[in-house]
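Presented below is the structure to which this report refers.
The values are calculated or read from the model by the stated rules, or taken from the named source; none is laboratory data. Note that this is a predicted model, so its numbers are computed, not measured. Cβ: placed from backbone, ideal geometry, glycine included. Neighbour counts: every protein chain shown. Accessible surface areas use protein heavy atoms only, side chains included; no ligands, DNA or RNA. Shrake-Rupley method; radii C 1.70, N 1.55, O 1.52, S 1.80 Å.
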Amino acid sequence: MAGACCKCPLSLFVFKRSLSVAPRGCGSAPRFLLHGWRLGERGLQEAARPSSALRPAGFYRQTAFLCLSCQESMTESLRTCYLYLNQTSRSFAAVIQALDGELRHAVCIFYLVLRALDTVEDDMTIPLDKKVPMLNDFHTFLYQDEWCFTESQEKDRQVLEDFPTISLEFRNLAQEYRDVISDICHRMGVGMAEFLEKKVGSMKEWDQYCHYVAGLVGIGLSRLFSASQLEDPEVGRDTELANSMGLFLQKTNIIRDYLEDTQEGRAFWPREAWSQFAGRLEDLAQPEKLESALSCLNLLVTDALHHVPDVIAYLSRLRNQSVFNFCAIPQVMAIATLSTCYNNPMVFQGVVKIRKGQAVTLMMEATNMSAVQTIIAQYSQEILHKVSLTDPSREKTLHILAVIREKSALSQSSLRSRTHHLSPMYLSAAMVLAALSWQYLSTTAAQAQGTSDMQGP
């Protein structure tokens, strides 16, 4: 395993609960897919509890060795980029650093470039007449040696203030990686600019919004996987499947975070869905609206479930173990989260979480296709048992669950199990990453709980 190095926990496929694209009409910043990687991050936080029992023999020695061997081969500027990665991603740093070969550096730089772009988009102190051109032109800054932005007030502003270091390492990448990163940065910046003052109305616009903030990340990552030759060219060419991977994570985030978003003045649920059940989106949180709220929730969960067959098809194509782990963990976290959300009044009353032990189990098990299919089948069955006889989306929900069951069974019968690819080194690495997650996240989980306690129910 080339360089499963440095720091902390483990996590996701899509970048920040999405690089955040919130409709400006609701008064706050959009949610973009760097947040998408936050889905797995939250699952990891749920897994947090310090325990010496999880530390394998040689735990500290092995981790230190991998970090040292990686760092010795890095330039000063590349080491700085990994420092920024660990500072800005919390969970995602470990998954990137577990990728094989030069792909690790390409994905690290990809993340930081999109993080910088997202920081511009999120900064409400930048006037629109200045922000829109910056978003549209951001990809050009990758080739400007000295470009930086020192006026941001955002917490991740260091990636803008020291953008010359990031752009230098971008220019040090192979041409095939630079082409992908620049293209996705351009398309994402244009999409962000479009949604600065645009609300998500129709279900079609919801898909478009999620494409800009999450689907493009999935497409970009897939093209990087293929460019590294760790995966077949088909993985990078099939943009429909890659886009669907991102949309599944993004929609799950949006569904789960209804209460947090509405309390902060953000609106991501599509009007076409919620207007069938309430006059205003925030009305769904009223106790007397619970039945309507659950109907709207179940409609959106059903819509998100339509991406699961694509998730199965995408993951079935992957051949490199580090890439598979990188992609599979957030997807199983997502299906578990959707199962928890489905028909759950807590979506409108508090914080919806998956259990700590559940999150650890998912991280440890999602290392081969057979296990992933079993997990998907398990949570699909859980949702099936919750479908109400009176739910307006009942027939559509039952239909997509049947499709998922069929697709999973077909895939499992036609593909050899990936278990034989799991070398002792990878199994050991999984234990190391789980132990790091468990210990490191005890702090972040405690902080998150403290924040929840202060906010109240």
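Kindly indicate whether any position in region 195-215 is assigned to a helix (DSSP H, G or I) and closer than 27 Å to Ser77 by Cβ. Within region 195-215 (the criterion being assigned to a helix (DSSP H, G or I) and closer than 27 Å to Ser77 by Cβ), the answer is no, since none of the residues qualifies. Being among the aliphatic types (A, V, I, L, M) and without any contact (Cβ under 8 Å) to a residue 40 or more places away in the chain narrows it down to one of Leu85, Leu128, Leu135, Leu114, so name that one. None of the other options fit; the residue is Leu85.
On the stretch given as region 173-183, residues that are farther than 12 Å from Asp137 by Cα, assigned to a helix (DSSP H, G or I) and touching a helix residue (DSSP H, G or I) at 6+ places or on another chain (Cβ under 8 Å) total 5.
Out of region 73-127, which residues are farther than 17 Å from Tyr177 by Cβ and assigned to a loop (DSSP other than H, G, I, E, B)? Ser73, Arg90, Ser91, Ala98, Asp123, Met124, Thr125, Ile126, Pro127 - these are the residues of region 73-127 that are farther than 17 Å from Tyr177 by Cβ and assigned to a loop (DSSP other than H, G, I, E, B). Given the structure, is Leu362 touching a residue at least 24 places away in the same chain (Cβ under 8 Å) and assigned to a helix (DSSP H, G or I)? The answer is yes for Leu362.
So for region 248-256 (the condition being in a loop (DSSP other than H, G, I, E, B) and open to solvent by less than 10 Å² (accessible area, probe 1.4 Å)), does at least one residue qualify? Looking through region 248-256, none of the residues is in a loop (DSSP other than H, G, I, E, B) and open to solvent by less than 10 Å² (accessible area, probe 1.4 Å). Could you tell me whether Thr165 is open to solvent by less than 60 Å² (accessible area, probe 1.4 Å), under 15 Å from Val120 (Cα atoms) and at pLDDT 95 or above? No. Between Glu151, Glu76, Glu102, Glu169, the distinction of being among the acidic types (Asp, Glu) and in contact with a helix residue (DSSP H, G or I) (Cβ under 7 Å, 6 or more places away or on another chain) belongs to Glu169 only. Are any of the residues in region 208-231 more than 19 Å from Leu281 (Cβ to Cβ), open to solvent by less than 10 Å² (accessible area, probe 1.4 Å) and in contact with an Asp or Glu (Cβ under 7 Å, 6 or more places away or on another chain)? Within region 208-231, one or more residues are more than 19 Å from Leu281 (Cβ to Cβ), open to solvent by less than 10 Å² (accessible area, probe 1.4 Å) and in contact with an Asp or Glu (Cβ under 7 Å, 6 or more places away or on another chain).
Criterion applied to Phe195, Phe138, Phe110 was being in contact with a Cys (Cβ under 9 Å, 6 or more places away or on another chain), open to solvent by less than 10 Å² (accessible area, probe 1.4 Å) and more than 23 Å from Pro330 (Cα to Cα), and the one residue passing it is Phe138.
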